[in-house]
Amino acid sequence: MMKTMTEKESLKLITEMISTSKGNIKDNSFFFLLWGWLVLAASLIHYTLLQIGYAYAYLPWPILMTIGTVVSVIAGIKMGKRAKVITIIDKAVMYLWWGFLILILIILVMTVMSRIPWQVTYPLIISLYGFGTFVSGGILKFKPLIIGGIACWVISIVAFFVSPVNVLLLTALSIIIAYLVPGYMLKLKEE
C-alpha cells in the first residue's frame, strides 16, 4: 500500500530532484571539457606534425581518443554510482552520445576500408558532433550548446572548401566553439 505524501514531503522531493538535475547538468560539463581539450590537442598536434613532415602525423588521434575513452568510462561509472536519481534527461543525453560514438566508429571504419581521405572524414565528424551538441543543448535547454552545434555545421561546410591540412585548424576552431566555451559555461552555471 502506497503512503500519500504530505505537501511538505512533496516539496522536499521536488527540491531534491531539481538539485540532482542541476548537478547532473554540471557533470555534463566534465565530458565536454575532457573531449574538447583532447580533440583540440589532437587537431593542433596533427597539424603541427604535418607541417614538419612527420610520417605518422595522425598518431595523436588514436592515443588521445583512447585516453579519453578510458577516462570517460571511468568517470561515467563513478558519476552513475554517485547519482541519487537518473532523470529522463540524463538517459536522453547518454543515449545521444553513445549513438554518436557508434556513428564515429562506423565513419572511421568506412574511411579506413574504402580509403576515403581523412580530409573528407573530418567535415563529416565535425557535422556529427555539431548534431550532438545541438541536441544536447536542446535537451539541457542551454543555448551555448545549440549555437555551438549550428557553428559546427557551418564550419563543416567550409571545411570542404579549404586545403586539407587546414581542415585540422577548422576542427580545432569548431571544438572550441562547440565544446570548450559551452563546457566552461556549464561548469560555471551552477557554481
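Just to check, using Stokes-Einstein with a Kirkwood Rh over alpha carbon pairs, what's the diffusion coefficient of segment 56-128 at 20 °C and 1.002 mPa s in µm²/s?
149 µm²/s
With a cut-off of 19 Å, note down the residues of segment 125-150 whose backbone N falls inside the zone around a label point 7 Å from the Cα of I157 toward its beta carbon.
Backbone N within reach: 125-135, 146-150.
Work out how much length M79 to M94 would gain on full extension: take 0.36 nm times their residue separation and subtract the Cα-Cα distance, in nm to one decimal.
Gain on stretching M79 to M94: 4.2 nm.
Given the Cα-Cα distance of Y54 and V109 and 0.36 nm per residue of separation, how much length would full extension add, in nm?
Difference between extended and current length: 17.4 nm.
Read-outs: derived from the displayed coordinates by stated rules, not from any lab. Since we're looking at a predicted model, the values are computed, not measured. Glycine also receives a Cβ, built like all others from the backbone with ideal geometry; neighbour counts cover every protein chain displayed.
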